[in-house]
Amino acid sequence: MSNLDMPKLIDLNEPLAQLDVLARLHALPDAVALTTSEAAVFLRSSVSALEAMRAKGTGPTYIQGGGRGSLGANQKCLYEKADLLAWQRSNKVSSTVEAAVRKGQLFTTLGELAQPEAFWVDAHGQVVGMVEAASVSTVIERLGVFDIEWMRPADAACRAWDDIAEHLTFGSGLVSVLRREIDKIEAGYEASEIAAAIGPSKETP
């Protein structure tokens, strides 16, 4: 194991969003078996990407129907920590992906609001919270307790949540991004109005 692969001392109270892939995987209990949705969270990937790699035989080894493999249909399967670590080390993540570890605000651009994110959902269909925003210890405690659904943040904000305070905090973050975009659009309108009032520029021959 290289120095780069050595697990660092992980603060379990740290938000998951601040951990890179290897730190996320090292934080997991050794005997854990993750669903595709859960594995996608810890690999900073997506369900569709893992399913595509599974179909091509390029993804992590998984357990399905009692057997192990890296090729198969998109049926329920489980990923073990050791297999995820082995795959991650053999497929070095690009610096651009590792650089995407977010600090502080989870969303800063309109484009990020259009990307599916992982959310916990309870048996009643209520959103329990955003996975990336939770502490590492909370994420580990909730494995297998709540289902993980991948949806756009705006869609999640439109659902009922089990905690109104958390819902309001999450929604206000989305509104701040939208408000900045609205301000930009309105500034564009003003610029057009000023240009129209001045009239076309006249160039001297």
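Summary table below
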quantity	calculated
Spin-label zone in the stretch 180-200 - amide nitrogen under 18 Å from a point set 7 Å from the Cα of GLU112 along the C-beta vector	180-184
Sorted peptide list for 131-142, 38-49, criterion being average Cβ within 10 angstrom, highest first	38-49, 131-142
Candidate residues ARG180, ARG89, ARG54: accessible-area rank, largest first, probe 1.4 Å	ARG180, ARG89, ARG54
Neighbourhood charge, 9 Å Cβ-Cβ cut-off, centred on LEU16 and excluding it, Lys, Arg +1 and Asp, Glu -1	-1
Sites ARG179 and ALA52, calculated FRET efficiency, Cβ-Cβ separation with R0 35 Å, nearest 0.05	0.45
Scattering profile of the stretch 111-204 at q = 0.16, 0.18 Å⁻¹ [log10 I(q)/I(0), Debye over alpha-carbon scatterers]	-0.71, -0.84
Local net charge near MET151, Cβ-Cβ under 14 Å (Lys/Arg +1, Asp/Glu -1)	-4
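The values are calculated or read from the model by the stated rules, or taken from the named source; none is laboratory data. Predicted, not measured: the structure shown is a model, and the values here were computed from it. FYI the Cβ positions are ideal-geometry reconstructions off the backbone, even for glycines, and counts take in every protein chain you see. Side chains are part of the model used for accessible areas, which takes the heavy atoms of the whole protein and leaves out ligands, DNA and RNA. Shrake-Rupley method; radii C 1.70, N 1.55, O 1.52, S 1.80 Å.
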